[in-house]
Amino acid sequence: MTRARRWLPASATRDAICLLGGRALRGFADGLVSVLLASHLTGLGFSPLEVSEIVTATLLGSAALTLAVGLAAHRLAPRRVLLSACVLMLATGIGFYALTGFWPLLLVAVVGTLNPSGGDVSVFLPAEQSLLSANVADAERTALFARFNLGGILLGALGALATGVPLVAQRGRGFLVYAAAAAAIGVLYLGLRSGGEPGALEARAAPLARSRAIVLRLTALFSLDSFGGGFVVDSLMALWLAQRFGLSLAAIGAVFFAARLLSAFSQLVSSRLAARIGLIRTMVYTHLPANVLLIAAALMPTAALAIACLLGRMALSQMDVPARQSYVMAVVPVEERAAAASVTNVPRSLAAALTPLAAGALLAKTSFGWPLVIGGAIKIAYDLLLLAQFRSVPPTTGGTPA
């Protein structure tokens, strides 16, 4: 605990450490199943289109559940929300391990917590982000969010690497690891001291009563980003690497391990950059070149060159995440943070759920990286629109300009 406090912002509480630990464990589980999912479903005899249908179902289900929880969060105890999410995560892992039919798996995908993307798309997020903001000083919020994401991405890298272990990859055993991680997170969150009851302000307030306009503007832009991101979720990227270059599951897992390592340590750079140039500029100036590299990867003639572009992309593409999370928490009142986290995070799942089917159809027709080209172009449009609309809108609380 003492070492953890040295690594964290000085104002972070014990509960902040628990939340970071839970995020790290979820990162490992998500990193494992996001790479394993396509291979597992293909091994069951599903076509690329059927794989993309299950991926779409996971994103749609996560979006609906995250939105419902976030909008009701002002009446719910955050700790109870997190523990219920752990139970659902446990059931999801067991379901994907035990079931082999398309329709039963599709149902579990809709109601469960499986995350096929590299980012954190989860029902855990509204409660976690709200509690994190309440357990650190405003001036150190971005730094805490950077470490929150660092732990998740770093352990996600190890999860991706674990797909190369035969004992984990064979017969869907990785989903049992996913279920075990849910149980461990539940034990960790039982120890939270805050979040046992809804706050007094939150219980009386309607969600987004004061911040509706700015949250909806941000949500529209985040929807566009997520719409593009749906073309390149990790499960479909793994499928593309296998089809285009014939890479094995172990090789693909190693690629995602390296990508997540680069992404993880970029989080620390993100918080320092935000302190110098502001949150919005940090988001755009790191995200834009990452999307150029995504398009370039599709054009590369060899696996080595494509992987080099993808690794360069991952070194930059997640640096916007702590800045984005901190910005959203800063521009809304304290009592509306859980609802704002939900409403702005749901598009990352809902809008992204609209495009994996199209990406799967493209991959069924050709191994060329059309999903990468289309997704990258849409995400570049998001970057330019975000800069144009929000570079002059500073946070109303906290310590750094936009």
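The values are calculated or read from the model by the stated rules, or taken from the named source; none is laboratory data. Bear in mind the structure is a predicted one, so any value in this text is a computation, not a measurement. Note: ideal-geometry Cβ built from the backbone for every residue, glycine included; neighbour counts use all protein chains shown.
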With respect to the numbered conditions (1) surrounded by fewer than 24 Cβ atoms within 10 Å (Cβ to Cβ); (2) touching a helix residue (DSSP H, G or I) at 6+ places or on another chain (Cβ under 7 Å), which one is the sole condition not fulfilled by Ala137? (2)
Give me the pairs, please: first residue somewhere in the range 244-259 and without any contact (Cβ under 8 Å) to a residue 40 or more places away in the chain and among the hydroxyl-bearing types (Ser, Thr, Tyr), second residue anywhere and crowded, with 19+ Cβ neighbours inside 10 Å and in a loop (DSSP other than H, G, I, E, B), beta-carbon distance under 8 Å, and either six or more positions apart or on two chains. none
Out of curiosity, is Arg79 in contact (Cβ under 8 Å) with a residue 60 or more places away in the chain, surrounded by fewer than 19 Cβ atoms within 10 Å (Cβ to Cβ) and charged (D, E, K, R)? no
Just give me the residues in the range 227-241 being closer than 19 Å to Asp383 by Cβ and at pLDDT 85 or above, in sequence order. Phe227, Gly228, Gly229, Phe231, Val232
Mind counting the residues in the range 265-315 that are in a loop (DSSP other than H, G, I, E, B) and hydrophobic (A, V, I, L, M, F, W, C)? 1
Hey, does the range 242-257 have a residue that's under 19 Å from Leu386 (Cβ atoms), at pLDDT 90 or above and assigned to a helix (DSSP H, G or I)? no
Give all pairs with beta carbons closer than 7 Å in which a residue from the range 38-58 that is closer than 24 Å to Phe227 by Cα meets a residue that is among the hydroxyl-bearing types (Ser, Thr, Tyr); count only pairs at least 6 apart in sequence or on separate chains. Ala38/Ser235; Val51/Thr42; Val55/Ser235
Hey, any hits in the range 54-67 for a residue that's crowded, with 24+ Cβ neighbours inside 10 Å, modelled with pLDDT of 85 or more and over 24 Å from Leu37 (Cα atoms)? no
Subset of the range 98-112 (residues that are part of a helix (DSSP H, G or I) and either within 18 Å of Gly186 (Cβ to Cβ) or small (Gly, Ala, Ser) (or both)): Ala98, Ala109
Identify, by number, the condition in (1) assigned to a helix (DSSP H, G or I); (2) of a type outside the set (S, T, N, Q); (3) modelled with pLDDT under 85 that Leu20 doesn't meet. (3)
Is there any pair linking a residue in the range 289-315 that is buried (at least 19 other Cβ atoms within 10 Å of the Cβ) to one that is polar (S, T, N, Q), with Cβ under 8 Å and at least six apart or on different chains, and which? Ala290/Ser317; Asn291/Ser317; Leu294/Ser317; Arg313/Asn291; Met314/Ser263; Ala315/Ser263; Ala315/Ser266
Just a yes or no: is a residue in the range 388-397 at pLDDT 85 or above, touching a Leu at 6+ places or on another chain (Cβ under 8 Å) and either basic (Lys, Arg) or over 25 Å from Val215 (Cα atoms) (or both)? no
Where Pro116 falls short, out of the listed (1) within 20 Å of Tyr189 (Cα to Cα); (2) buried (at least 21 other Cβ atoms within 10 Å of the Cβ): (1)
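From the list Thr366, Thr302, Thr400, Thr355, pick out the single residue that is over 23 Å from Val55 (Cβ atoms), polar (S, T, N, Q) and modelled with pLDDT under 90.
Only one candidate passes the filter, namely Thr400.
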Filter the range 255-272 for residues that are buried (at least 20 other Cβ atoms within 10 Å of the Cβ) and over 30 Å from Phe245 (Cβ atoms) and give the result. Ser270, Ser271
